[in-house]
Amino acid sequence: MDEIKNCCHRTKERSVEEYKSLINRLNRIEGQIRGIKGMVEKNAYCADILIQSAAVSAAVRSFNKELLENHIRSCVVKDIKEGRDETVDELLDILQKIMK
């Protein structure tokens, strides 16, 4: 199925809890990025910027973990129950990409 390969045509209804949690994480990451930009603009010490950058990387990893868990528990389980075994291939492809 082409729709499995092209995620831009698929959507997912998220619960209010899931939506709020993901948006809150993204807002924090956005704030951290703005903070790093401000540090660069103010000529902050490289080591201080690197520490903040590492914190952003950790925050993005945490976001990915939460999103992946939600994806597996909802989309993947649903697709497999409906006989869409190609979803397992999609999941494996996603895992390969995010584990680089």
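Derivation of every value follows stated rules applied to the coordinates shown; laboratory data play no part. As the structure is a prediction and not an experimental result, all values here were calculated from the model. When we count neighbours, we look across all protein chains shown, and the Cβ atoms used for this are built from the backbone with ideal geometry, even at glycine.
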What spacing in nm lies between the two simple spin-label points modelled at Arg34 and Asp93, each 7 Å away from Cα in the Cβ direction? 3.6
Report the local net charge at Gln96: Lys and Arg +1, Asp and Glu -1, summed over other residues whose C-beta lies under 12 Å from its C-beta. -1
Over all directions, average the projected area of the Cα convex hull of the chain and note it in nm². 7.8
22 Å Cα-Cα threshold exceeded, pairs from Lys37/Lys65; Lys12/Lys65; Lys12/Lys81; Lys20/Lys65; Lys65/Lys100; Lys42/Lys100: Lys37/Lys65; Lys42/Lys100
How far apart, in nanometres, would the label points at Arg14 and Tyr45 be if each is projected 7 angstrom from Cα along the Cα-to-Cβ direction? 3.8
What dipole magnitude, in Debye to the nearest 20, does the chain give about its Cα centre under +1 on Lys/Arg Cβ and -1 on Asp/Glu Cβ? 460
Length gained if Ser62 through Lys78 is fully extended, taking 0.36 nm per residue and subtracting the Cα-Cα distance, is 3.4 nm
